[in-house]
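The values are calculated or read from the model by the stated rules, or taken from the named source; none is laboratory data. Being a predicted model, the structure only gives us computed values, none of them experimental. We place every Cβ from the backbone using ideal geometry, glycine too, and count neighbours over all the protein chains shown.
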Amino acid sequence: MMLVGMVAAQDGDPFGDPFGDPFGSTQRGRRKEMVPALFIFGDSLIDNGNNNNLPSFAKANYFPYGIDFNGGPTGRFSNGYTMVDEIAVLLGLPLIPAFSEASGAQVLHGVNYASAAAGILDVTGRNFVSRIPFDEQIRNFQTTLDQITANLGAIDTAQSLAKCLFFVGMGSNDYLNNYLMPNYPTRNQYNGQQYADLLVSQYDRQLTQLYNLGARKFILAGLGRMGCIPSILAQSSTGGCSEEVNELVLPFNANVKAMMNRLNTNLPGARFIYIDIANLFEDIINNARTYGFSVVDRGCCGIGRNRGQVTCLPFQTPCPNRDEYVFWDAFHPTEKVNIIMARKAFNGDASVVSPMNIEQLAILDIKN
């Protein structure tokens with residue numbers, strides 16, 4: 001069987017997309033489902049509408065967000081697909097619904113619990129008022145699990161869950177909307193290593209809780225080079241990346257890798273893999289022209305220096321050449337970057353995803 005990603009690049013499609021159009025056409029064919037479901041936990045990088053009905057400042061359910069998404073704005077902080085949207089497609093699944101909207105049979109292919117401004121720590125993101133922290137996302141998963149168990153029964157649910165994928169991308173806001181915020185005391189309480197230790201001790205507990213609920217196959221996304229996002233660039237006196245911020249998150253990524261190895265050893269039947277987002281991002285920046293990018297240091301949509309001081313406002317006109325931009329707004333990548341990262345994580349080598357890639361994890365037969 002020829003798996004997705006092994007297909008040679010088609011003319012006019014630089015991503016080697018087996019379905020032709022990589023940007024959300026409803027005509028894209030679906031391949032055979034590789035896993036029963038994909039469950040998603042995270043923040044605005046992968047939120048697809050869970051904050052829409054919350055009293056929150058962290059929302060993206062207005063134009064021009066979703067300008068390239070079939071159906072328009074949904075709550076995705078992108079011009080189109082997020083990284084997990086493309087991963088779902090590669091797995092042969094439909095786009096995964098937001099927890100706030102999913103009901104009935106919709107939940108059987110998975111649910112997205114991600115929430116903009118959410119963090120590993122409950123206090124993270126309070127500047128935005130309402131958001132759904134990781135602990136609450138796990139409680140929401142328990143609600144879904146109760147619904148599925150009521151339909152399938154406990155044994156069938158447990159057997160099915162062991163084959164499902166659990167994508168977790170947390171931690172960005174614990175830095176951007178906690179540690180680096182002047183109105184938080186965190187920076188005075190912890191140095192960089194101590195804070196990374198605090199975060200990953202919580203993260204370990206939370207992931208173990210998901211394991212205890214039946215999750216077995218985990219995809220963990222590391223933090224990117226956050227010192228190079230337009231929001232941070234806009235604060236720079238030189239206009240360059242903040243190496244201070246980039247170095248601040250290094251202990252977190254190192255701790256997550258160590259935690260992953262520990263959990264792989266200590267939790268029977270569990271398989272955790274790590275996506276090196278920092279390495280993926282660096283590759284895209286260093287080889288921008290190869291990927292077709294011409295703008296790597298400012299948002300396509302936003303206001304102020306680097307279009308990073310104020311994020312994309314309602315009905316603001318974004319750049320017309322979105323596929324040439326690495327960043328969509330002050331914090332988030334464009335759909336094109338999301339798709340590149342998803343495909344590399346899906347069938348890439350150990351330099352970007354380890355100890356195996358998503359495709360290998362999906363087909364792995366786990367014995368409890």
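A few comments on the model shown:
- Taking the numbered list (1) among the aliphatic types (A, V, I, L, M); (2) farther than 30 Å from CYS312 by Cα; (3) out of contact with any helix residue (DSSP H, G or I) (no Cβ under 8 Å at 6 or more places or on another chain) in turn, ILE229 passes all entries but (2).
- Scanning segment 284-304 for residues that are closer than 12 Å to CYS319 by Cβ and β-branched (Val, Ile, Thr) returns a single hit, VAL295.
- Counting only helices (runs of 4 or more DSSP H) that fall entirely inside segment 79-194 and contain at least 2 residues that are closer than 13 Å to ASP43 by Cα, the qualifying elements are 83-90, 134-152.
- Filtered residues of segment 268-286 (kept if of a type outside the set (A, V, I, L, M, F, W, C) and closer than 15 Å to VAL296 by Cα): GLU282, ASP283, ASN286
One line per residue, one yes/no per condition, for (1) under 25 Å from ASN255 (Cβ atoms); (2) surrounded by 15 or more Cβ atoms within 10 Å (Cβ to Cβ):
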{"position": "ILE275", "(1), (2)": "yes, yes"}
{"position": "VAL295", "(1), (2)": "no, yes"}
{"position": "PRO320", "(1), (2)": "no, no"}
{"position": "MET341", "(1), (2)": "yes, yes"}
{"position": "VAL352", "(1), (2)": "yes, yes"}
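- Taken over segment 200-257, the residue count meeting the criterion of being in a helix (DSSP H, G or I), among the hydrophobic types (A, V, I, L, M, F, W, C) and surrounded by fewer than 20 Cβ atoms within 10 Å (Cβ to Cβ) is 2.
- Near pairs, Cβ below 8 angstrom, 6+ apart or cross-chain, from segment 85-99 (at pLDDT 95 or above) to any residue that is assigned to a helix (DSSP H, G or I) and among the charged types (D, E, K, R): GLU86/ARG343; LEU90/ARG343; LEU90/GLU359; LEU95/ASP85; ILE96/ASP85
- Residue in segment 297-307 that is nearest to MET226 (Cα to Cα), counting only those that are in contact with a strand residue (DSSP E or B) (Cβ under 8 Å, 6 or more places away or on another chain) and surrounded by 24 or more Cβ atoms within 10 Å (Cβ to Cβ): GLY299
- Single residue of segment 158-178 satisfying the filter (buried (at least 18 other Cβ atoms within 10 Å of the Cβ) and among the polar types (S, T, N, Q)) that is farthest from MET226 (Cα to Cα): ASN178
- Count - residues of segment 60-78 that are in a loop (DSSP other than H, G, I, E, B), touching a helix residue (DSSP H, G or I) at 6+ places or on another chain (Cβ under 9 Å) and either buried (at least 22 other Cβ atoms within 10 Å of the Cβ) or among the hydroxyl-bearing types (Ser, Thr, Tyr) (or both): 1
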